[in-house]
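Everything on this sheet refers to the single structure shown next.
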Amino acid sequence: MDVDVDVERNEEAVSRFVERFAAQLTEAGMQRMAARVFAQLLASDGGAMTSAELGEALRISPAAVSGAVSYLTQVSMVSREREPGSRRDRYVLHNELWYETFTRRDQILTQWEKTLREGAAGLGTNTPAGARVAETAAFFEFMQGEMLRMMDRWKEHKATLDLG
């Protein structure tokens, strides 16, 4: 996919994209303000912005930026870096954002699967509840295997992309 660098950035279109993607992230369960900040960072050319830049772009208060960034940092979607030669922080998207996010999700699935297997054993695998919990554990085990294969395929596919 070739990117045309001569096309000027349409700020109105960028704003619509940010709000639309943020709304979709919110519908999927992300906190609303965190979704807006994340989408704005994703739409920024450098993948990094200061609190003031985020506040101005999104027309939100410094407190709203702080709360959103705190959440995004906690779930490892952004990191905080010191702006060179300044005391200001910049909030930065991780380079392999989606890969890292899904890899961490895989670690969570591993924990859930272990707990579910222990729960199934305690409930008794021959009981309806035990069977249901065991099936849930099996589902997470299946998902992990598929996720690992998919992430390997993504790395191979990404190497073939021409994203400029």
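Would you check if M143 is closer than 22 Å to L109 by Cβ, out of contact with any His (no Cβ under 7 Å at 6 or more places or on another chain) and open to solvent by 50 Å² or more (accessible area, probe 1.4 Å)?
Here the answer is yes, as M143 does meet what is asked.
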If P128 satisfies all but one of (1) farther than 19 Å from M30 by Cα; (2) exposed (fewer than 13 other Cβ atoms within 10 Å of the Cβ); (3) at pLDDT below 90; (4) of a type outside the set (S, T, N, Q), what's the number of the condition it fails?
(3)
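Taking the stated definitions as given, is R36 of a type outside the set (V, I, T) and more than 26 Å from L163 (Cα to Cα)?
no
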Residue by residue through region 131-158, note down the ones that are modelled with pLDDT under 90 and aliphatic (A, V, I, L, M).
M143, M147, L148, M150, M151
Strands (runs of 3 or more DSSP E) within region 1-112 that include 2 or more residues more than 30 Å from V133 (Cα to Cα), modelled with pLDDT under 90 and not β-branched (V, I, T):
78-82, 89-93
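The values are calculated or read from the model by the stated rules, or taken from the named source; none is laboratory data. Just so it is clear, the structure is predicted and the values come from calculations on it, not from any experiment. Ideal geometry is used to build each Cβ from the backbone, glycine not excepted, and the neighbour counts take in all protein chains shown. These area figures cover heavy atoms from the full protein model, side chains too; ligands, DNA and RNA do not enter into them. Shrake-Rupley method; radii C 1.70, N 1.55, O 1.52, S 1.80 Å.
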